[in-house]
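Asks: Before we start, here is the structure in question, set down as C-alpha cells.
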Amino acid sequence: MSLTETNLDDTLPLLGRGKVRDIYQIDPSTLLFVATDRISAYDVIMENGITDKGKLLTKLSEFWFDFLPIENHLIKKDIFQEYPRLEKYRDQLQDRALIVRKLKLIPLEVIVRGYITGSAWKEYKKSKTVHGLPIDEELVESQEFKTPIFTPSTKAEQGEHDENISPAEAAKIVGQDLCDRLEKTAIDLYVQAKEYAKTKGIIIADTKFEFGLDENNDIVLVDEVLTPDSSRFWNASTYEVGKSQDSYDKQFLRDWLTSNGLNGKEGVKMTDEIVEKTREKYIEAYEQLTGDKWK
C-alpha cells in the first residue's frame, strides 16, 4: 500500500503539501517533514503513489545529510519519544518523517550540472548556451563538462513550472554575494557526492539542492538531498556518450506518459507495472549508494 497523503487531524497545523512532502508546524522554530509516496512527472502529481517511495527518499536523504560536510536542518531526535502525541500516527510517520529546523529559505533551486542532458542539452543544441551561459567546448549528449556548472532556476508554486535562469538573474533575486556563496557551496557538495557515487557504480549527472539561512546568515542544506527525485542518476556500467542514458529515477514513468500521450495531463493513474518498475529503480539506487539492503 502506498501513502499519498497524511492526516494528523488537528494534532499539528498543516503548513502545506508539496509534490511529495506534507509539512507540519511543531512549534514556531520546528517543522515536521513527511515524505509521502506521491510521484510527479511533467509537474503533474499522479493519482496513485509508489509504495515505500517516501521512506526511500527519507533514508537516502539522511544518508547524504550525514555524508556531506555542511550544516543541515535535521534535528536528530526520535519523533515519538520527543512528541508522544504523534504516536497514534506512527503508521503514517514511521521512517518517512523528519524533525527539522525552520529556517529562512533561499528562493532558488540550486542546480549543479556535471553532464549535459535534459533541458540543458536541448538549449545547447539550439544556442550553444546552458541557462544563458555560453559553452565554449564542443559537446555531445551526456558528455561530462570540464568542470560542473551552476545553473539555477526559480522556485515555483505548486502546479507552476520552475524557470531556468542564468546565475546573473539569480544574483538579482538573492544578491551577488549570496549567489556566489551558493555556487561554490553547491559545486563543492556535488563534486564530493559525484566522486563517492562513482565508487558505487552510479553517475550523478546533475542535482538540485535547496538551502536556507540560519540566524548568523550561514548557508544550511535543507529539504531532500541527492535522491532520484532531485537528481539524475545513471548506471556507470552502461554509460555511453552521444545518447540519452537510462536513469534511476522517474524515467519509466516519463516514457510511459509520453508514449501514451499523457504527459502534462491531470488525473492519471499509473499501471501496476509502472509502479513496480519505478519502485525497483528507487530501491536499486538506494542500495547501491548506501550499501544497505532495503527491507
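Asks: Give the relative contact order (percent, whole number) for the range 104-235; include only Cα pairs under 8 Å separated by 6+ residues. Numbers along the way, then the final one.
Replies: Values: 206 pairs, mean separation 38.3, N = 132.
It comes to 29 percent, rounded to a whole number.
Asks: Now, a different point. Any idea how far apart Ile75 and Ala236 come out in nm if each label point goes 7 Å out from Cα toward Cβ?
Replies: About 3.8 nm, to one decimal.
Asks: If you place +1 on the Cβ of every Lys and Arg, -1 on the Cβ of every Asp and Glu, and leave all else neutral, what size is the dipole of the chain about its Cα centre, to the nearest 20 Debye?
Replies: 280
Asks: When you count, for each residue, the other Cβ atoms within 10 Å and take the mean per peptide, how do 45-58, 97-110 rank with the highest first?
Replies: Output ranking for 45-58, 97-110: 45-58, 97-110.
Asks: Of the heavy-atom accessible surface of the range 14-101 (probe 1.4 angstrom), what whole percent is carbon and sulfur?
Replies: 48
Asks: Which whole-number percentage describes the relative contact order of the chain, with Cα contacts under 8 Å and a sequence gap of 6 or more?
Replies: 20
Asks: First measure r as the distance between the Cβ atoms of Asp95 and Glu137, then evaluate 1/(1 + (r/R0)^6) with R0 = 41 Å and state the FRET efficiency to the nearest 0.05. Write down the numbers at each step before the final one.
Replies: Numbers: r = 44 Å, r/R0 = 1.07.
According to the calculation, E is roughly 0.40.
Asks: What span do the alpha-carbon atoms of the chain cover on each of the three principal axes, reported in whole Å from largest to smallest?
Replies: Cα spread of the chain along its principal axes, largest to smallest: 59, 49, 37 Å.
Asks: Write down the accessible area per residue of the chain in Å², having rolled a 1.4 Å probe over the full set of protein chains. Let's see the in-between values first.
Replies: Details: 13980 Å² over 295 residues.
About 47 Å² of surface per residue is accessible.
Asks: Ignoring ligands, DNA and RNA, what percent of the accessible area of the range 104-235 is carbon or sulfur (1.4 Å)?
Replies: 47
Asks: Counting other Cβ atoms within 10 Å, which GluC sites (Glu not before Pro) in the range 190-295 have at most 12 and lie in a DSSP loop?
Replies: Glu215, Glu240, Glu266
Asks: Can I ask one more? Choose one of Leu3, Thr271, Leu105: the residue whose Cα lies farthest towards the positive end of the charge dipole of the chain (beta-carbon charges +1 Lys, Arg; -1 Asp, Glu; about the Cα centre).
Replies: Selected residue: Thr271.
Asks: Considering only the other residues whose Cβ falls under 9 Å of the Cβ of Leu105, what net charge follows from Lys and Arg at +1 and Asp and Glu at -1?
Replies: 0
Asks: Turning to a different aspect of this structure: Taking the Cα centre of the range 14-101 as origin, work out the dipole magnitude from +1 charges on Lys and Arg Cβ and -1 charges on Asp and Glu Cβ, in debye rounded to 20.
Replies: Details: 14 positive and 14 negative charges, 20 e Å.
Using only the charged Cβ atoms, the result is roughly 100 debye.
Asks: Run lengths n ≥ 4 of DSSP H only: what is the helix-derived mean residue ellipticity at 222 nm for the chain, with -39500 (n - 2.57) per run over all residues, to the nearest 500?
Replies: After summing the helix terms and dividing by the residues of the chain, the value is -9500 deg cm²/dmol.
Asks: Another question, then. Using each residue's phi in the range 245-255, evaluate 6.51 cos²θ - 1.76 cosθ + 1.60 at θ = phi - 60° and report the 3J(HN,Hα) Karplus result to the nearest Hz, with x for Gly and Pro.
Replies: Rounded to whole hertz, the list is 10, 6, 10, 8, 10, 8, 4, 4, 5, 4, 4.
Asks: Work the Kirkwood hydrodynamic radius out for the range 111-222: mean of 1/r over every pair of different alpha-carbon atoms, inverted, in Å.
Replies: Values: mean 1/r = 0.0666 Å⁻¹.
That comes to 15.0 Å for the range 111-222.
Asks: 7 Å from Cα along Cα→Cβ at both Asp214 and Thr258: what's the point-to-point distance in nm?
Replies: In this crude label model, Asp214 to Thr258 measures out at 4.2 nm.
Asks: Once you list every other residue whose beta carbon is under 14 Å from the beta carbon of Pro148, what net charge do they have if Lys and Arg are +1 and Asp and Glu are -1? If you can, show how the numbers build up before the last one.
Replies: Values: positive: Arg113, Lys146, Lys184, Lys194, Lys198, Lys208, Arg232; negative: Glu137, Glu144, Glu183, Asp188, Glu195, Asp206.
Net charge around Pro148: +1.
Asks: How far, in nm, would the chain grow between Lys293 and Lys125 when pulled straight, counting 0.36 nm per residue and subtracting the alpha carbon separation? Present the calculation step by step, with values, prior to reporting the outcome.
Replies: Working: separation 168, 0.36 × 168 = 60.48 nm, distance 4.07 nm.
This chain segment gains 56.4 nm when fully extended.
Asks: Follow-up. Given R₀ = 30 Å, what would the calculated FRET efficiency be for Asp162 paired with Glu87, taking r from the Cβ atoms and rounding to 0.05?
Replies: 0.20
Asks: Also, quick follow-up: Considering only Leu262, Gln288, Phe252, whose Cα is most displaced toward the positive end of the charge dipole of the range 220-295, charges sitting on Cβ of Lys, Arg (+1) and Asp, Glu (-1)?
Replies: Of the options given, the answer is Leu262.
The values are calculated or read from the model by the stated rules, or taken from the named source; none is laboratory data. No experiment lies behind these values; they were computed from the predicted model shown. As a convention, Cβ positions derive from the backbone with ideal geometry for all residues, glycine included, and neighbour counts pool all protein chains shown. Side chains included, ligands, DNA and RNA excluded: accessible areas come from the protein's heavy atoms. Shrake-Rupley method; radii C 1.70, N 1.55, O 1.52, S 1.80 Å.
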